[in-house]
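Q: My questions all concern the structure below.
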Amino acid sequence: IHAAEVLDNDNLTSRDFESVILTGSVVAHQRDRKTREVKWVIRGSTFDGQEAESVIKISPTGDIFVITVYCVD
């Protein structure tokens, strides 16, 4: 839900998120303080060429969770 809210706040769409993932690369690894799960920061381009980042993690069952997506100023 958080990722969808941030997409909307930054006037981004699911198509922009897809573009960030497909054009991007991992720029950082983070570890969740509570769960100790690894998170990845992916930087890429939105559909119209803006620079943006997405933070994702993979659950123990192999599901991908989008934590947030935002434009980089």
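Q: For segment 19-39, give me each residue that is open to solvent by less than 80 Å² (accessible area, probe 1.4 Å) and not in a strand (DSSP E or B).
A: Matches in segment 19-39: 19, 20, 21, 24, 32, 35, 37.
Q: Need the failing condition index for residue 37 against (1) touching a Lys or Arg at 6+ places or on another chain (Cβ under 6 Å); (2) farther than 18 Å from residue 2 by Cβ, just the number.
A: (2)
Q: Specify which of the listed residues (16, 10) is over 12 Å from the mean Cα position of the chain (by Cα) and surrounded by 11 or more Cβ atoms within 10 Å (Cβ to Cβ).
A: 10
Q: Another question, then. Counting just the residues of segment 40-73 that are small (Gly, Ala, Ser), open to solvent by 40 Å² or more (accessible area, probe 1.4 Å) and over 20 Å from residue 1 (Cα atoms), which one comes out modelled with the highest pLDDT?
A: 45
Q: Sticking with this structure for a sec: Where the second residue is not in a strand (DSSP E or B) and the first is aliphatic (A, V, I, L, M) and lies in segment 16-33, which pairs have Cβ atoms under 6 Å and are six or more apart or on separate chains?
A: none
The values are calculated or read from the model by the stated rules, or taken from the named source; none is laboratory data. Treat the numbers as computed from the prediction; the structure is a model and nothing was measured. Heads up, the Cβs are rebuilt from the backbone with ideal geometry, glycines too, and the neighbour counts pull from every protein chain shown. With ligands, DNA and RNA removed, areas are computed over all heavy atoms of the protein, side chains included. Shrake-Rupley method; radii C 1.70, N 1.55, O 1.52, S 1.80 Å.
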